[in-house]
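This report concerns only the one structure given below.
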Amino acid sequence: MSYTGLTGKVVVPGQPEYEQARQEYNIAINKYPCAIVYCFNSCDIANAILWSRKQGVKLRIRSGRHNYEGYSTGNRKLVIDTTLMNDIKVNTDDDTVEIQAGVRLGYLYERLYQCGYTFPGGTCPSVGISGLVLGGGIGLSTRYLGLTADSLLEAEMVDAEGNQLTVNDCCNPGLFWALRGAGGGNFGVVTRYKFRLKNVDKITLIQLRWDNDKSARLEFLRVWQKWLLNLDRRISAFGGIYKLGAWMNSFFYGCPEEARQILGPLLEIPGITLENIEYVDFIDAVKTIGEIYPEREAFKATGRFVHRHFSQSELVKFIDIIDKAPANNANSSIRVYSLGGAVRNVEVNETAFFDRQANYIIAITSSWERKKEASLHKKWVAAGFDYIYTVTLGSYINFPYNNLPNYEQAYYGAHVRRLQRIKKEYDPYNVFSFPQSIL
Ligand SMILES: Cc1cc2nc3c(=O)[nH]c(=O)nc-3n(C[C@H](O)[C@H](O)[C@H](O)COP(=O)(O)OP(=O)(O)OC[C@H]3O[C@@H](n4cnc5c(N)ncnc54)[C@H](O)[C@@H]3O)c2cc1C
(Lines give C-alpha, C1' and ligand atoms only; values in the text may rest on other atoms or scores of the structure.)
Protein backbone atom coordinates (compact mmCIF):
# COMPACT_ATOMS: atom_id res chain seq x y z
CA MET A 1 0.00 0.00 0.00
CA SER A 2 1.31 3.47 -0.85
CA TYR A 3 1.11 6.03 1.94
CA THR A 4 1.98 8.92 -0.39
CA GLY A 5 -0.32 11.82 0.28
CA LEU A 6 -0.51 11.25 4.04
CA THR A 7 1.14 14.05 6.01
CA GLY A 8 1.86 14.29 9.75
CA LYS A 9 3.51 11.44 11.64
CA VAL A 10 2.53 8.18 10.01
CA VAL A 11 2.87 4.89 11.91
CA VAL A 12 2.36 1.62 10.03
CA PRO A 13 2.59 -2.11 10.90
CA GLY A 14 6.15 -3.28 11.33
CA GLN A 15 7.39 -0.04 12.86
CA PRO A 16 8.52 -0.25 16.51
CA GLU A 17 5.92 2.36 17.62
CA TYR A 18 3.03 0.48 16.00
CA GLU A 19 2.18 -1.76 19.00
CA GLN A 20 1.77 1.19 21.34
CA ALA A 21 0.14 3.35 18.69
CA ARG A 22 -2.64 0.86 17.97
CA GLN A 23 -3.59 0.38 21.64
CA GLU A 24 -6.80 1.79 23.12
CA TYR A 25 -7.37 2.60 26.81
CA ASN A 26 -9.51 -0.55 26.94
CA ILE A 27 -6.93 -3.34 26.54
CA ALA A 28 -9.71 -5.76 25.60
CA ILE A 29 -9.93 -3.90 22.26
CA ASN A 30 -7.28 -5.41 20.05
CA LYS A 31 -7.39 -3.95 16.55
CA TYR A 32 -4.85 -3.67 13.74
CA PRO A 33 -5.23 -0.48 11.68
CA CYS A 34 -3.40 -0.30 8.34
CA ALA A 35 -1.94 3.07 9.39
CA ILE A 36 -2.21 5.61 12.17
CA VAL A 37 -1.63 9.20 11.20
CA TYR A 38 -0.83 11.62 14.01
CA CYS A 39 -1.93 14.99 12.63
CA PHE A 40 -0.28 18.29 13.51
CA ASN A 41 -2.96 20.50 11.96
CA SER A 42 -6.17 20.63 9.91
CA CYS A 43 -4.20 20.27 6.69
CA ASP A 44 -2.85 16.86 7.79
CA ILE A 45 -6.41 15.85 8.67
CA ALA A 46 -7.76 16.94 5.27
CA ASN A 47 -4.95 15.00 3.55
CA ALA A 48 -5.78 11.90 5.59
CA ILE A 49 -9.47 12.08 4.69
CA LEU A 50 -8.71 12.56 0.99
CA TRP A 51 -6.11 9.74 1.06
CA SER A 52 -8.57 7.32 2.63
CA ARG A 53 -11.22 8.14 0.02
CA LYS A 54 -8.78 7.81 -2.87
CA GLN A 55 -7.38 4.51 -1.58
CA GLY A 56 -10.78 3.11 -0.64
CA VAL A 57 -9.56 2.57 2.93
CA LYS A 58 -12.15 3.24 5.65
CA LEU A 59 -11.13 5.71 8.35
CA ARG A 60 -11.69 6.12 12.07
CA ILE A 61 -11.20 9.27 14.18
CA ARG A 62 -9.30 9.05 17.45
CA SER A 63 -8.49 11.51 20.24
CA GLY A 64 -8.31 10.18 23.83
CA ARG A 65 -8.76 6.47 22.85
CA HIS A 66 -11.36 5.87 25.60
CA ASN A 67 -14.32 4.64 23.54
CA TYR A 68 -15.66 1.58 25.39
CA GLU A 69 -16.14 -0.48 22.21
CA GLY A 70 -13.09 0.76 20.31
CA TYR A 71 -14.99 2.79 17.70
CA SER A 72 -11.96 5.04 17.32
CA THR A 73 -9.94 2.24 15.73
CA GLY A 74 -10.46 -0.85 13.58
CA ASN A 75 -8.80 -3.60 11.57
CA ARG A 76 -7.39 -2.39 8.24
CA LYS A 77 -8.65 1.15 8.91
CA LEU A 78 -6.78 4.44 8.68
CA VAL A 79 -6.82 5.96 12.18
CA ILE A 80 -6.77 9.78 12.14
CA ASP A 81 -5.32 10.71 15.52
CA THR A 82 -5.44 14.25 16.99
CA THR A 83 -3.16 13.61 20.02
CA LEU A 84 -0.46 16.01 18.79
CA MET A 85 -2.97 18.84 18.48
CA ASN A 86 -3.09 19.70 22.16
CA ASP A 87 -2.92 23.45 22.55
CA ILE A 88 -5.02 25.31 25.11
CA LYS A 89 -5.58 29.09 24.90
CA VAL A 90 -7.33 30.66 27.88
CA ASN A 91 -8.95 34.06 27.26
CA THR A 92 -9.40 35.70 30.67
CA ASP A 93 -10.87 38.85 29.01
CA ASP A 94 -14.09 37.08 28.05
CA ASP A 95 -13.89 33.92 30.20
CA THR A 96 -13.49 31.49 27.31
CA VAL A 97 -11.00 28.81 26.33
CA GLU A 98 -9.97 27.43 22.95
CA ILE A 99 -8.93 23.81 23.05
CA GLN A 100 -7.46 21.67 20.31
CA ALA A 101 -9.03 18.27 19.72
CA GLY A 102 -6.23 16.13 21.18
CA VAL A 103 -6.31 17.62 24.69
CA ARG A 104 -7.02 15.26 27.59
CA LEU A 105 -8.98 16.24 30.66
CA GLY A 106 -6.21 16.10 33.31
CA TYR A 107 -4.08 18.63 31.43
CA LEU A 108 -7.14 20.78 30.71
CA TYR A 109 -8.25 20.94 34.35
CA GLU A 110 -4.69 21.93 35.40
CA ARG A 111 -4.39 24.69 32.81
CA LEU A 112 -7.81 26.13 33.58
CA TYR A 113 -7.36 26.05 37.32
CA GLN A 114 -4.10 28.03 36.98
CA CYS A 115 -6.34 30.83 35.63
CA GLY A 116 -9.03 30.30 38.28
CA TYR A 117 -11.59 28.33 36.27
CA THR A 118 -13.58 25.15 36.77
CA PHE A 119 -14.73 22.96 33.89
CA PRO A 120 -17.74 20.62 33.55
CA GLY A 121 -15.72 17.65 32.30
CA GLY A 122 -15.58 13.99 33.32
CA THR A 123 -13.63 12.32 36.12
CA CYS A 124 -10.92 10.29 34.32
CA PRO A 125 -7.88 12.48 33.52
CA SER A 126 -6.89 10.59 30.38
CA VAL A 127 -10.29 10.87 28.64
CA GLY A 128 -10.10 13.12 25.57
CA ILE A 129 -12.08 16.36 25.39
CA SER A 130 -13.25 15.35 21.90
CA GLY A 131 -15.16 12.14 22.59
CA LEU A 132 -16.42 13.56 25.86
CA VAL A 133 -17.98 16.80 24.58
CA LEU A 134 -19.21 15.33 21.28
CA GLY A 135 -21.23 12.73 23.23
CA GLY A 136 -22.56 15.23 25.81
CA GLY A 137 -20.16 14.82 28.73
CA ILE A 138 -21.05 14.26 32.38
CA GLY A 139 -19.02 14.67 35.56
CA LEU A 140 -19.02 15.93 39.12
CA SER A 141 -19.95 19.49 38.07
CA THR A 142 -22.80 18.53 35.74
CA ARG A 143 -25.77 19.47 37.90
CA TYR A 144 -24.19 22.88 38.58
CA LEU A 145 -22.75 23.74 35.14
CA GLY A 146 -24.58 21.44 32.72
CA LEU A 147 -23.18 18.90 30.28
CA THR A 148 -19.72 19.55 28.84
CA ALA A 149 -21.49 20.20 25.52
CA ASP A 150 -23.68 22.87 27.14
CA SER A 151 -20.63 25.13 27.61
CA LEU A 152 -19.53 24.76 23.98
CA LEU A 153 -19.68 28.01 22.00
CA GLU A 154 -17.99 26.99 18.77
CA ALA A 155 -16.10 24.21 17.03
CA GLU A 156 -14.00 23.81 13.91
CA MET A 157 -14.41 20.68 11.82
CA VAL A 158 -12.80 19.20 8.71
CA ASP A 159 -15.53 17.64 6.56
CA ALA A 160 -15.51 14.74 4.09
CA GLU A 161 -14.20 17.00 1.27
CA GLY A 162 -11.31 18.23 3.43
CA ASN A 163 -12.90 21.65 3.95
CA GLN A 164 -12.49 23.40 7.28
CA LEU A 165 -15.83 24.58 8.71
CA THR A 166 -16.56 26.97 11.53
CA VAL A 167 -19.50 25.62 13.48
CA ASN A 168 -21.54 27.73 15.89
CA ASP A 169 -25.04 29.21 16.36
CA CYS A 170 -24.63 31.34 13.19
CA CYS A 171 -22.36 29.25 10.89
CA ASN A 172 -23.59 25.73 10.22
CA PRO A 173 -26.14 25.89 13.10
CA GLY A 174 -27.67 22.49 12.29
CA LEU A 175 -24.27 20.86 12.52
CA PHE A 176 -23.58 22.74 15.77
CA TRP A 177 -26.80 21.26 17.17
CA ALA A 178 -25.72 17.76 16.06
CA LEU A 179 -22.17 17.97 17.40
CA ARG A 180 -23.48 18.55 20.93
CA GLY A 181 -24.48 14.99 21.77
CA ALA A 182 -24.03 13.08 18.50
CA GLY A 183 -20.75 14.40 17.10
CA GLY A 184 -18.33 11.56 17.89
CA GLY A 185 -17.11 10.08 14.61
CA ASN A 186 -20.27 10.91 12.62
CA PHE A 187 -19.88 14.15 10.64
CA GLY A 188 -16.19 15.00 10.33
CA VAL A 189 -13.02 15.51 12.35
CA VAL A 190 -13.42 18.26 14.92
CA THR A 191 -10.13 20.08 15.39
CA ARG A 192 -10.84 22.86 17.89
CA TYR A 193 -13.44 23.80 20.51
CA LYS A 194 -14.30 27.08 22.20
CA PHE A 195 -15.99 26.91 25.60
CA ARG A 196 -17.31 29.52 28.00
CA LEU A 197 -15.86 29.30 31.49
CA LYS A 198 -16.84 29.90 35.10
CA ASN A 199 -14.57 30.88 37.98
CA VAL A 200 -13.99 28.64 40.95
CA ASP A 201 -11.93 28.56 44.11
CA LYS A 202 -12.60 25.91 46.72
CA ILE A 203 -15.30 23.28 46.63
CA THR A 204 -16.35 20.49 48.98
CA LEU A 205 -15.05 17.07 47.98
CA ILE A 206 -17.21 14.24 49.28
CA GLN A 207 -16.23 10.57 49.46
CA LEU A 208 -18.51 8.07 51.19
CA ARG A 209 -18.00 4.30 51.43
CA TRP A 210 -19.87 1.39 52.89
CA ASP A 211 -17.34 -1.45 52.64
CA ASN A 212 -18.11 -5.00 53.76
CA ASP A 213 -21.72 -4.14 54.34
CA LYS A 214 -23.98 -5.92 51.90
CA SER A 215 -27.15 -4.45 53.38
CA ALA A 216 -25.91 -0.92 52.57
CA ARG A 217 -26.24 -1.68 48.85
CA LEU A 218 -30.03 -1.83 48.69
CA GLU A 219 -30.33 1.06 51.08
CA PHE A 220 -27.93 3.14 48.98
CA LEU A 221 -29.94 2.60 45.78
CA ARG A 222 -33.20 3.30 47.63
CA VAL A 223 -31.94 6.53 49.24
CA TRP A 224 -30.09 7.65 46.10
CA GLN A 225 -33.16 7.74 43.85
CA LYS A 226 -35.21 9.66 46.40
CA TRP A 227 -32.34 11.99 47.34
CA LEU A 228 -31.81 13.09 43.74
CA LEU A 229 -35.37 14.28 43.26
CA ASN A 230 -35.21 17.76 44.80
CA LEU A 231 -31.48 17.94 45.18
CA ASP A 232 -29.57 21.24 45.36
CA ARG A 233 -28.09 21.74 41.88
CA ARG A 234 -24.68 22.67 43.31
CA ILE A 235 -24.04 19.00 44.11
CA SER A 236 -23.28 16.22 41.59
CA ALA A 237 -22.41 12.63 42.43
CA PHE A 238 -21.16 9.35 40.97
CA GLY A 239 -21.73 6.23 43.08
CA GLY A 240 -22.35 2.55 42.89
CA ILE A 241 -22.74 -0.84 44.46
CA TYR A 242 -20.47 -3.86 44.26
CA LYS A 243 -20.58 -7.35 45.74
CA LEU A 244 -19.60 -6.27 49.24
CA GLY A 245 -20.73 -2.67 49.59
CA ALA A 246 -21.46 0.75 48.13
CA TRP A 247 -19.76 4.11 47.56
CA MET A 248 -20.35 7.67 46.40
CA ASN A 249 -18.02 10.47 45.23
CA SER A 250 -19.31 13.98 44.87
CA PHE A 251 -18.44 17.66 44.36
CA PHE A 252 -20.40 20.37 46.13
CA TYR A 253 -20.00 24.02 45.08
CA GLY A 254 -20.44 25.25 48.65
CA CYS A 255 -19.04 24.69 52.14
CA PRO A 256 -18.82 21.38 54.10
CA GLU A 257 -21.40 22.40 56.73
CA GLU A 258 -24.03 22.89 54.05
CA ALA A 259 -22.88 19.71 52.29
CA ARG A 260 -23.48 17.69 55.46
CA GLN A 261 -27.06 18.91 55.61
CA ILE A 262 -27.68 18.07 51.95
CA LEU A 263 -26.10 14.64 52.38
CA GLY A 264 -28.27 13.88 55.45
CA PRO A 265 -30.21 10.86 54.11
CA LEU A 266 -27.03 9.23 52.76
CA LEU A 267 -25.05 9.77 55.96
CA GLU A 268 -27.82 7.95 57.82
CA ILE A 269 -27.26 4.72 55.86
CA PRO A 270 -25.80 2.33 58.48
CA GLY A 271 -22.34 0.82 58.10
CA ILE A 272 -20.46 3.83 56.71
CA THR A 273 -16.70 3.11 56.68
CA LEU A 274 -15.37 6.34 55.15
CA GLU A 275 -16.79 9.78 55.40
CA ASN A 276 -14.62 12.44 53.81
CA ILE A 277 -16.28 15.85 53.48
CA GLU A 278 -13.49 18.30 52.89
CA TYR A 279 -13.15 21.90 51.64
CA VAL A 280 -10.32 21.80 49.06
CA ASP A 281 -9.00 23.61 45.99
CA PHE A 282 -11.03 22.54 42.95
CA ILE A 283 -7.95 21.03 41.30
CA ASP A 284 -7.17 18.90 44.37
CA ALA A 285 -10.70 17.50 44.31
CA VAL A 286 -10.30 16.70 40.60
CA LYS A 287 -6.95 14.98 41.21
CA THR A 288 -8.19 12.93 44.17
CA ILE A 289 -10.98 11.45 42.06
CA GLY A 290 -8.73 11.15 38.98
CA GLU A 291 -6.25 8.98 40.90
CA ILE A 292 -8.87 6.23 41.14
CA TYR A 293 -8.40 5.37 37.45
CA PRO A 294 -5.71 2.95 36.23
CA GLU A 295 -3.49 3.85 33.29
CA ARG A 296 -5.28 1.25 31.17
CA GLU A 297 -7.62 -1.66 31.82
CA ALA A 298 -9.52 -4.48 30.14
CA PHE A 299 -13.24 -3.99 30.66
CA LYS A 300 -16.79 -4.26 29.38
CA ALA A 301 -19.32 -1.60 30.38
CA THR A 302 -22.40 0.29 29.27
CA GLY A 303 -24.91 2.79 30.64
CA ARG A 304 -28.62 3.68 30.33
CA PHE A 305 -30.80 6.64 31.35
CA VAL A 306 -33.16 6.33 34.32
CA HIS A 307 -36.34 8.41 34.12
CA ARG A 308 -38.44 6.97 36.92
CA HIS A 309 -38.40 5.51 40.41
CA PHE A 310 -37.58 1.83 40.75
CA SER A 311 -39.87 -0.31 42.89
CA GLN A 312 -38.48 -2.31 45.80
CA SER A 313 -38.58 -5.50 43.71
CA GLU A 314 -36.69 -3.79 40.87
CA LEU A 315 -34.05 -2.61 43.32
CA VAL A 316 -33.77 -6.14 44.73
CA LYS A 317 -33.18 -7.38 41.18
CA PHE A 318 -30.11 -5.10 40.96
CA ILE A 319 -28.86 -6.72 44.18
CA ASP A 320 -29.43 -10.18 42.66
CA ILE A 321 -27.31 -9.11 39.68
CA ILE A 322 -24.49 -7.75 41.81
CA ASP A 323 -24.50 -10.88 43.99
CA LYS A 324 -23.54 -12.83 40.85
CA ALA A 325 -20.68 -10.44 39.96
CA PRO A 326 -17.39 -12.08 38.92
CA ALA A 327 -15.26 -9.75 41.09
CA ASN A 328 -15.69 -9.17 44.82
CA ASN A 329 -14.41 -5.61 44.60
CA ALA A 330 -15.69 -2.59 42.65
CA ASN A 331 -14.13 -3.93 39.43
CA SER A 332 -17.58 -5.47 38.92
CA SER A 333 -20.19 -2.90 39.78
CA ILE A 334 -23.49 -1.23 39.03
CA ARG A 335 -22.86 2.51 38.94
CA VAL A 336 -25.06 5.60 39.09
CA TYR A 337 -24.25 9.07 37.70
CA SER A 338 -26.42 12.03 38.71
CA LEU A 339 -28.16 14.18 36.09
CA GLY A 340 -30.85 16.83 36.59
CA GLY A 341 -30.03 20.34 37.84
CA ALA A 342 -28.49 22.47 35.08
CA VAL A 343 -28.91 19.66 32.50
CA ARG A 344 -32.63 20.41 32.55
CA ASN A 345 -32.11 24.16 32.04
CA VAL A 346 -31.45 23.50 28.36
CA GLU A 347 -34.47 22.52 26.25
CA VAL A 348 -34.38 18.96 24.84
CA ASN A 349 -34.49 20.31 21.27
CA GLU A 350 -31.63 22.77 21.74
CA THR A 351 -28.91 20.12 21.28
CA ALA A 352 -28.72 16.56 19.97
CA PHE A 353 -28.33 15.16 23.51
CA PHE A 354 -31.79 13.64 23.89
CA ASP A 355 -32.25 12.26 27.40
CA ARG A 356 -32.02 15.55 29.29
CA GLN A 357 -34.97 14.83 31.52
CA ALA A 358 -33.43 11.64 32.96
CA ASN A 359 -32.74 11.60 36.70
CA TYR A 360 -29.49 9.69 36.37
CA ILE A 361 -27.51 7.16 34.36
CA ILE A 362 -27.21 3.57 35.54
CA ALA A 363 -24.21 1.62 34.27
CA ILE A 364 -22.90 -1.89 34.59
CA THR A 365 -19.18 -2.49 34.34
CA SER A 366 -16.65 -5.23 34.88
CA SER A 367 -12.88 -5.22 34.44
CA TRP A 368 -10.42 -8.10 34.60
CA GLU A 369 -6.69 -8.76 34.91
CA ARG A 370 -6.25 -12.09 33.14
CA LYS A 371 -7.35 -12.66 29.55
CA LYS A 372 -8.92 -16.03 30.38
CA GLU A 373 -11.40 -14.26 32.72
CA ALA A 374 -12.73 -12.02 29.95
CA SER A 375 -15.68 -14.12 28.88
CA LEU A 376 -16.98 -14.53 32.46
CA HIS A 377 -17.01 -10.73 32.94
CA LYS A 378 -18.53 -10.05 29.53
CA LYS A 379 -21.31 -12.59 30.16
CA TRP A 380 -22.13 -11.00 33.51
CA VAL A 381 -22.34 -7.52 31.95
CA ALA A 382 -24.53 -8.88 29.15
CA ALA A 383 -26.93 -10.57 31.59
CA GLY A 384 -27.09 -7.47 33.78
CA PHE A 385 -27.64 -5.26 30.75
CA ASP A 386 -30.52 -7.49 29.61
CA TYR A 387 -32.36 -6.65 32.83
CA ILE A 388 -31.35 -2.97 33.00
CA TYR A 389 -32.57 -2.55 29.42
CA THR A 390 -36.09 -3.55 30.43
CA VAL A 391 -36.40 -0.88 33.15
CA THR A 392 -34.68 2.07 31.48
CA LEU A 393 -35.18 4.32 28.44
CA GLY A 394 -32.32 5.33 26.19
CA SER A 395 -28.54 4.73 26.24
CA TYR A 396 -25.71 7.21 26.79
CA ILE A 397 -23.63 7.35 23.58
CA ASN A 398 -20.44 7.81 25.62
CA PHE A 399 -21.14 4.48 27.37
CA PRO A 400 -21.85 2.55 24.14
CA TYR A 401 -22.70 -1.12 23.82
CA ASN A 402 -22.16 -3.23 20.70
CA ASN A 403 -25.22 -5.41 21.23
CA LEU A 404 -27.65 -2.56 21.81
CA PRO A 405 -30.86 -3.15 19.83
CA ASN A 406 -31.99 -0.31 17.54
CA TYR A 407 -29.00 1.79 18.57
CA GLU A 408 -29.88 5.05 16.77
CA GLN A 409 -33.21 5.22 18.60
CA ALA A 410 -31.57 4.24 21.89
CA TYR A 411 -28.89 6.95 21.71
CA TYR A 412 -30.80 9.78 20.07
CA GLY A 413 -34.54 9.15 20.66
CA ALA A 414 -36.75 11.56 18.72
CA HIS A 415 -33.65 13.30 17.30
CA VAL A 416 -32.77 10.44 14.92
CA ARG A 417 -34.46 11.82 11.78
CA ARG A 418 -32.93 15.27 12.17
CA LEU A 419 -29.51 13.72 12.73
CA GLN A 420 -29.90 11.54 9.63
CA ARG A 421 -30.73 14.65 7.55
CA ILE A 422 -27.66 16.49 8.89
CA LYS A 423 -25.55 13.39 8.21
CA LYS A 424 -26.72 13.36 4.55
CA GLU A 425 -25.98 17.08 4.23
CA TYR A 426 -22.43 16.99 5.63
CA ASP A 427 -21.33 13.43 4.84
CA PRO A 428 -23.40 12.23 1.84
CA TYR A 429 -20.98 9.39 1.00
CA ASN A 430 -20.77 8.10 4.59
CA VAL A 431 -17.02 8.64 4.85
CA PHE A 432 -17.32 8.85 8.64
CA SER A 433 -18.72 5.52 9.74
CA PHE A 434 -18.27 3.00 12.56
CA PRO A 435 -20.39 0.09 13.84
CA GLN A 436 -22.95 2.39 15.51
CA SER A 437 -22.69 5.52 13.38
CA ILE A 438 -25.65 7.59 12.17
CA LEU A 439 -26.95 6.23 8.87
C1 LIG B 1 -12.06 5.18 32.34
C2 LIG B 1 -13.15 5.99 31.69
C3 LIG B 1 -13.75 7.02 32.39
C4 LIG B 1 -14.77 7.77 31.81
N5 LIG B 1 -15.36 8.78 32.52
C6 LIG B 1 -16.35 9.50 31.95
C7 LIG B 1 -16.99 10.58 32.64
O8 LIG B 1 -16.66 10.88 33.79
N9 LIG B 1 -17.97 11.26 32.00
C10 LIG B 1 -18.37 10.96 30.72
O11 LIG B 1 -19.26 11.61 30.21
N12 LIG B 1 -17.78 9.96 30.04
C13 LIG B 1 -16.78 9.23 30.62
N14 LIG B 1 -16.20 8.22 29.92
C15 LIG B 1 -16.65 7.94 28.57
C16 LIG B 1 -15.97 8.91 27.60
O17 LIG B 1 -16.60 10.16 27.64
C18 LIG B 1 -16.09 8.38 26.19
O19 LIG B 1 -15.43 7.14 26.12
C20 LIG B 1 -15.51 9.35 25.18
O21 LIG B 1 -16.06 9.10 23.92
C22 LIG B 1 -14.00 9.26 25.13
O23 LIG B 1 -13.47 10.21 24.27
P24 LIG B 1 -11.97 10.04 23.76
O25 LIG B 1 -11.65 11.19 22.89
O26 LIG B 1 -11.09 9.76 24.93
O27 LIG B 1 -12.06 8.67 22.98
P28 LIG B 1 -11.85 8.18 21.48
O29 LIG B 1 -11.94 6.69 21.60
O30 LIG B 1 -10.63 8.73 20.87
O31 LIG B 1 -13.12 8.76 20.72
C32 LIG B 1 -14.43 8.51 21.15
C33 LIG B 1 -15.42 8.69 19.98
O34 LIG B 1 -15.35 10.03 19.50
C35 LIG B 1 -14.88 10.06 18.14
N36 LIG B 1 -13.90 11.14 18.05
C37 LIG B 1 -12.72 11.23 18.72
N38 LIG B 1 -12.10 12.37 18.37
C39 LIG B 1 -12.89 13.01 17.49
C40 LIG B 1 -12.76 14.24 16.79
N41 LIG B 1 -11.69 15.00 16.93
N42 LIG B 1 -13.76 14.60 15.93
C43 LIG B 1 -14.85 13.82 15.76
N44 LIG B 1 -15.00 12.63 16.40
C45 LIG B 1 -14.03 12.23 17.27
C46 LIG B 1 -14.26 8.69 17.91
O47 LIG B 1 -14.29 8.34 16.54
C48 LIG B 1 -15.11 7.80 18.80
O49 LIG B 1 -16.32 7.47 18.14
C50 LIG B 1 -15.17 7.46 30.48
C51 LIG B 1 -14.56 6.44 29.77
C52 LIG B 1 -13.56 5.69 30.37
C53 LIG B 1 -12.92 4.58 29.61
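The values are calculated or read from the model by the stated rules, or taken from the named source; none is laboratory data. Since the structure is predicted, the reported quantities are computational estimates derived from the model, not experimental observations. Ideal geometry is used to build each Cβ from the backbone, glycine not excepted, and the neighbour counts take in all protein chains shown. Ligands, DNA and RNA are excluded from the accessible area calculation, which covers all protein heavy atoms including side chains. Shrake-Rupley method; radii C 1.70, N 1.55, O 1.52, S 1.80 Å.
Of note:
- Cα centroid separation, region 332-351 to region 41-80 (Å): 30 Å
- Compactness of region 37-140 was expressed as the Cα radius of gyration divided by 2.2 N^0.38 Å, which yields 1.18.
- Distance (nanometres) between label positions extended 7 Å along Cα→Cβ at residue 402 and residue 93: 5.1 nm
- Centroid-to-centroid separation of region 105-141 and region 352-421 [C-alpha atoms, Å]: 22 Å
- Charging the Cβ of each Asp and Glu at -1 and of each Lys and Arg at +1, and nothing else, the dipole of region 265-359 about its Cα centre rounds to 480 debye.
- Estimated purely from DSSP H runs of n ≥ 4, each contributing -39500 (n - 2.57), the mean residue ellipticity at 222 nm for the chain is -8500 deg cm²/dmol once divided by its residues.
- Along each principal axis, Cα extent of the chain, largest first, Å: 65, 54, 42
- In region 202-391, the convex hull through the Cα atoms has an average projected area of 11.3 nm², a quarter of its surface area.
- DSSP beta bridges confined to region 9-81 are antiparallel in about 25 percent of cases.
- Across region 352-366, rounded Karplus estimates of 3J(HN,Hα) from the backbone phi angles (6.51 cos²θ - 1.76 cosθ + 1.60, θ = phi - 60°) give 6, 5, 7, 8, 5, 8, 4, 7, 6, 9, 10, 10, 10, 8, 8 Hz, Gly and Pro being marked x.
- Antiparallel content of DSSP bridges confined to the chain, in %, to 5: 90 percent
- Only protein atoms count toward the accessible area here, which uses a 1.4 Å probe; on the chain, the carbon and sulfur part of that area reaches 49 percent.
- Region 266-367: C-alpha gyration tensor shape, a/c 1.5 cut-off, then a/b vs b/c: rounded
- Check: the chain dipole with +1 on Lys, Arg Cβ and -1 on Asp, Glu Cβ, in debye: 1420 debye
- Based on protein heavy atoms only, the chain ends up with 40 Å² per residue of surface accessible to a 1.4 Å probe.
- Counting only Cβ charges, +1 for Lys and Arg and -1 for Asp and Glu, the dipole size of region 1-160 around its Cα centre is about 860 debye.
- Region 374-386 - phi-based ³J(HN,Hα) in whole Hz, Karplus 6.51/-1.76/1.60, Gly and Pro as x: 3, 5, 4, 5, 5, 5, 5, 4, 4, 5, x, 4, 4
- Those GluC sites (Glu not before Pro) in region 249-293 that DSSP places in a loop and that have at most 11 other beta carbons within 10 Å: 268, 291
- Cα-based helix-to-principal-axis angle, 173-182 vs the chain, degrees rounded to 10: 50 degrees
- Candidates 283, 293, 237 compared by Cα position along the dipole of region 202-391: farthest toward the positive end lies 293, with charges placed on Cβ.
- Computed over the chain, relative contact order equals 16 percent, with contacts defined as Cα pairs under 8 Å that lie 6+ residues apart.
- Region 9-81, relative contact order [Cα under 8 Å, separation at least 6], %: 37 percent
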